[in-house]
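FYI, it's all coordinate maths here, none of it is from the lab. All values reported here derive from a predicted model rather than from experimental measurement. Here the Cβ positions follow ideal geometry from the backbone for every residue, glycine too, while neighbour counts run over all protein chains shown.
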Amino acid sequence: MRAEIQTVVDEIEKSLALLGQRMDRATARHRLEEFNARVEDPTLWDDPDGAQILMRDRQRLLDQIETHDGIARDLSDNVELIELGEMEDDAEVVAEAEAALKALRDRAAAKELEALLNGEADGNDTFLEINAGAGGTEACDWAQMLQRMYVRWAEKRGYKVELQSEEAGAEAGIKSCAYKISGANAYGWLKSESGVHRLVRISPFGKGTRETSFASVWVYPVVDDNIEIEVNPSDIRIDTFRSSGAGGQHVNTTDSAVRITHHPTGIVVTSSEKSQHQNRDIAMKALKSRLYQMELERRTADINAAHEAKGSAGWGNQIRSYVLQPYQMVKDLRTGHETSDTSGVLDGDLDGFMAATLAMDVSGKSRAEATAEE
């Protein structure tokens, strides 16, 4: 086997070792058997919330086992093909197997990175809020562009996307919006997006000038029902109001939207579905999730800790810069990861940025720091 391909094999084996370590491979199958036994219990769904959590955890473990075993199997099969091709002097078989191993290396590396999503709430669903910052109408338009970007990213991953609330801008775009995004590791992937996002472009509103706009993104995990978060009723104010929108047949005509203000922290959450009862439930869950996020940040060196107070959506608080004119570049200011494919990023191609931030969070070093040490 050529030295280059042996290096590829070694890299795949290292990824497999980490995947096995992350899922505790020695006990994984025993734990799966325990999950399967509990799933067959006829009383399982007497507690629907507990059953859903169990089914989610079981599926997560099953996915980890299948991923590890599938990569190991493909590795073994292609190594055998190379050895067979070399014995029979079949260059075509060897070339195909080597190409398959290189592709497998990339897949294993991606799964290895995903396995690092082992924070306390990384596997949870998530809430995502976007708020227009400094820049007036330009900022409202930018907030709507970010809204589309994250919805497209979530949809490409097969996540469920639910709009919780939205406030339209005075002339264009949106002042704010809030979503619940559901799917495996939704919070783990999106948590690195919390912060201020800056846009530089030529104004599309007839000014013809170069404008800088800001919007803030806030991400926090949906709290499982088995996690107790106490909210003192005397600490909150609940207001009802008529939700605003673009008009049409779906505009609310009653004061069904709900806003909850948590006085000790200043947290404000809203929900504007059609049912006031449903909105109270959604808003309270969002408040508990925000409080839980604050507790996570107090206990861990989370990458979002710098944004605990959210800060102003303006200069000095940016995590990422999007330049559309005079040149095209999206650059993360924490990791140094960048791309000139601005249209791809705004269409939801964010995995490279999220992966770079996750890798930095694990290593504790930015790309610039890592390069300086080499």
With +1 on the Cβ of every Lys and Arg and -1 on the Cβ of every Asp and Glu, the dipole magnitude of the stretch 3-115 about its Cα centre, in debye rounded to the nearest 20, is 720 debye
In degrees rounded to 10, the 0-90 angle between helix 3-22 Cα long axis and the longest Cα principal axis of the chain is 50 degrees
Length-normalised contact order of the chain, Cα under 8 Å, at least 6 apart, in percent, tallies to 15 percent
Env charge @ ALA28, Cβ radius under 12 Å, K,R +1 / D,E -1, value 0
When the charge dipole of the stretch 3-115 is computed with +1 on Lys and Arg Cβ and -1 on Asp and Glu Cβ about the Cα centre, the Cα farthest towards its positive end, among MET55, SER15, LEU75, belongs to MET55
Per-residue ellipticity at 222 nm attributable to helices in the chain (runs of n ≥ 4 DSSP H, -39500 (n - 2.57) apiece, nearest 500 deg cm²/dmol) works out to -15500 deg cm²/dmol
Helix 48-87: inclination vs the chain longest Cα principal axis, degrees, rounded to 10, gives 30 degrees
Sorted on mean Cβ neighbours within 10 Å (highest first), peptides 61-67, 173-179 come out as 173-179, 61-67
Tilt, helix 351-363 to longest principal axis of the chain (alpha-carbon atoms), in degrees rounded to tens, equals 80 degrees
For the chain, the dipole about the Cα centre with charges only on Cβ (Lys and Arg +1, Asp and Glu -1), to the nearest 20 debye, works out at 2160 debye
Checking GLN318, GLN52, GLN144 against a Gaussian network model of the chain (alpha-carbon springs below 10 Å), the top fluctuating residue turns out to be GLN52
Going through LYS14/LYS160; LYS102/LYS156; LYS175/LYS285; LYS191/LYS288 one by one, the pairs whose alpha carbons sit over 28 Å apart turn out to be LYS14/LYS160
Under 5 Å from the placed amide H of HIS337, counting only residues 5+ away or on other chains, we find ASP332
log10 I(q)/I(0) for the stretch 3-115, Debye formula on C-alpha points only (no solvent), q = 0.17, 0.24 Å⁻¹, two decimals, reads -0.82, -1.21
By the Kirkwood definition, with r running over pairs of different Cα atoms, the chain has a hydrodynamic radius in Å of 23.3 Å
In a Gaussian network model of the chain with springs linking alpha carbons closer than 10 Å, the residue among ALA99, ALA257, ALA17 that fluctuates most is ALA99
